[in-house]
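First up is the structure itself, then whatever we jot down about it.
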Amino acid sequence: MANVSLKNVGWDHFTRDLSDDQAQAAFKRSVSLVAFAISSYCNRQCTYCPNSIADRKSTQNLMSDDLFFNILRQLSRIDYEGEINITRYNEPLADKEYALSRLRDIRVFLPKARICIFTNGDYMDRAYLDDLARVGVTSIMATVHAGPGGQTDIESLIKEQDRRLKELDLPFAFEGSVAEKFRLATTTHPKGLHLTVAAHDFYRGAEKGNVWAFDRGGALDIPKKFRRTHPCMVQFSELNVEWDGSIMPCCQIQNEVFDHDKYVMGKLDGDSNIFQAWMNASFIAWRIKMFSFEQKDAPCTTCSYGMMMTGVDELAASVKNFRQVLFQATGAKQSA
């Protein structure tokens, strides 16, 4: 997740028709995570993922060269040094040569960026891990999604985790246990890549009515008593782009499970200005809606992602100030 902070929130986030230089400056100041799917394919259809509804297993779509290099060129122009994530409901390591090629290009264009990969780890053996370290990947989160026979109980997941750790042949430190229904294994590759191999019972917490897994914008039938009133800071710090250029408001929403591009903020191509796209009217309206302490409407009603857990008093004062001025300017009725 991006660095969630109040310090970079400014009036430009709520202002339409910024100049190119102003939009670029706002993006550079604010965005600490750029996530774009280099491909669409995933080899799994986990019940706690929108890919159990939308078919991403039958075909493989690749992000076009024009779009990919357009994004990199513009990020290079601002000397971007935040996080790059090549995962959005895809398995980025499924095609080894393609993935390594894309990662090399990212490192060339963005030498200061942190390149992070979220993967199911199904394709990653020690040789592949060594290659990923060599091309400059900063960190990998590899999550075990099924045991040796396809089971999803925590004992089976940890058994599969142990098999993978043995194959990777690195010294791991552990956190969690069967009783806690998760276990994380962490290590640092000799070339500096930080690796976590995770085993999670995604349905832990069901007895309390709040399953640990996200319901992904309400798309999944996952019990959630939680109702969000807290502001969401993600729209100030992240850019999320699908393989086809669709810009999504955050990582929680997978476009294909909603009708008619319902939550798409815009669409990039090989000529798009990514900074202006991030500051477009749809994004501004979304930010205004989410920067409040009101109960959130769909698709954010049960989401706990992107919440500031410290400095809540400062956040409340900032929200009140921004919304007073915004609603005075528009003449709309003010709310919390």
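The values are calculated or read from the model by the stated rules, or taken from the named source; none is laboratory data. Since this is a predicted model, take the numbers as computed values, not measurements. As a convention, Cβ positions derive from the backbone with ideal geometry for all residues, glycine included, and neighbour counts pool all protein chains shown. Note: accessible area is taken over every heavy atom of the protein model, side chains too, but ligands, DNA and RNA are not part of it. Shrake-Rupley method; radii C 1.70, N 1.55, O 1.52, S 1.80 Å.
Among the aspartates and glutamates, which fall within straight-line cross-link reach of Lys191, defined as a Cα-Cα distance under 12 Å, with same-chain neighbours fewer than 8 residues apart omitted? Partners found: Asp130, Asp131.
Measuring between their Cα centroids, the range 111-167 and the range 76-100 lie 16 Å from each other.
Fraction of C-alpha pairs exceeding 18 angstrom in the range 105-163: 44 percent, rounded to a whole number.
Derived from the Cα gyration tensor, the three semi-axes of the equivalent ellipsoid of the range 188-253 are 26, 22, 13 Å, largest first. The H on the amide N of Ile117, modeled in the peptide plane, is under 5 Å from the matching H of Ser139, Ile140, Met141, each at least 5 residues off or on a different chain.
Considering the chain as a Gaussian network with a 10 Å cut-off on Cα pairs, which listed residue, Glu160, Glu175, Glu81, attains the greatest mean-square fluctuation? Of the options given, Glu175 has the highest mean-square fluctuation. With 31 Å as the limit on Cα-Cα distance, the pairs of Lys28/Lys267; Lys57/Lys208; Lys166/Lys225 that go past it are Lys57/Lys208; Lys166/Lys225. Accessible area ranking (1.4 Å probe, heavy atoms, ligands and nucleic acids excluded), largest first, for Arg216, Arg114: Arg114, Arg216.
Taking 0.36 nm per residue of sequence separation and subtracting the Cα-Cα distance, how much length would be gained by fully extending the chain between Thr188 and Ala316, in nm to one decimal? Please report the intermediate quantities before stating the final value.
Numbers: separation 128, 0.36 × 128 = 46.08 nm, distance 3.93 nm.
Difference between extended and current length: 42.2 nm.
Were the residues from Asp65 through Ile78 laid out at 0.36 nm apart, the gain over their Cα-Cα distance would be 2.6 nm.
Placing unit charges on C-beta atoms (Lys and Arg positive, Asp and Glu negative, everything else neutral), compute the dipole magnitude of the range 139-285 about its Cα centre in debye, rounded to 20. Kindly include the intermediate steps, with their values, before the conclusion.
Values: 16 positive and 20 negative charges, 109 e Å.
Taking the Cα centre of the range 139-285 as origin, the dipole is about 520 debye.
Relative to the 2.2 N^0.38 Å rule of thumb, the range 6-63 has a C-alpha radius of gyration ratio of 1.74.
A Gaussian network model of the chain, with springs between Cα atoms under 10 Å, assigns the largest mean-square fluctuation among Ser76, Ser282, Ser58 to Ser58. Helical runs assigned H by DSSP (4 residues or longer) give the chain a calculated mean residue ellipticity at 222 nm of -9000 deg cm²/dmol, each run adding -39500 (n - 2.57) before division by the residue total.
Compared with the alpha-carbon gap, the fully stretched path from Glu207 to Leu6 is longer by 68.9 nm at 0.36 nm per residue.
Evaluating 6.51 cos²θ - 1.76 cosθ + 1.60 at θ = phi - 60° for every residue in the range 65-75, the Karplus couplings come out as 4, 4, 5, 4, 6, 4, 4, 5, 4, 6, 5 Hz, glycine and proline recorded as x. Shape analysis of the range 203-321 places it in the oblate category; the axes a ≥ b ≥ c from the Cα gyration tensor give an a/c of at least 1.5, with a/b not above b/c. Max-minus-min Cα coordinates of the chain on each principal axis give 62, 48, 37 Å, with the largest extent listed first. Taking a point 7 Å out from the Cα of Lys262 in the direction of its Cβ, the residues of the range 276-305 whose backbone N falls within less than 12 Å of it are 298-301. Straight-line cross-link reach from Lys289 at under 17 Å between alpha-carbon atoms covers these lysines, not counting any fewer than eight positions away in the same chain: Lys262, Lys320, Lys333.
Which residues among the range 208-235 fall inside the zone where the amide N is under 15 Å from a point 7 Å beyond the Cα of Thr301, along Cα→Cβ? 215-229, by backbone N distance to the label point. For a test of the definition: using alpha carbon positions, the gyration tensor, and the 1.5 limit on a/c, classify the range 127-263 as rounded, prolate or oblate. Oblate, because a/c is 1.5 or more while a/b does not exceed b/c. Under a model in which nothing but the beta-carbon of Lys, Arg (+1) and Asp, Glu (-1) is charged, the chain shows a dipole of about 820 debye around its Cα centre.
Just the projected area, averaged over all directions, of the convex hull on the alpha carbon atoms of the range 1-128: how many nm²? Could the numbers behind the result be given before it?
Numbers: hull surface 38.9 nm².
So the mean shadow area of the Cα hull is 9.7 nm².
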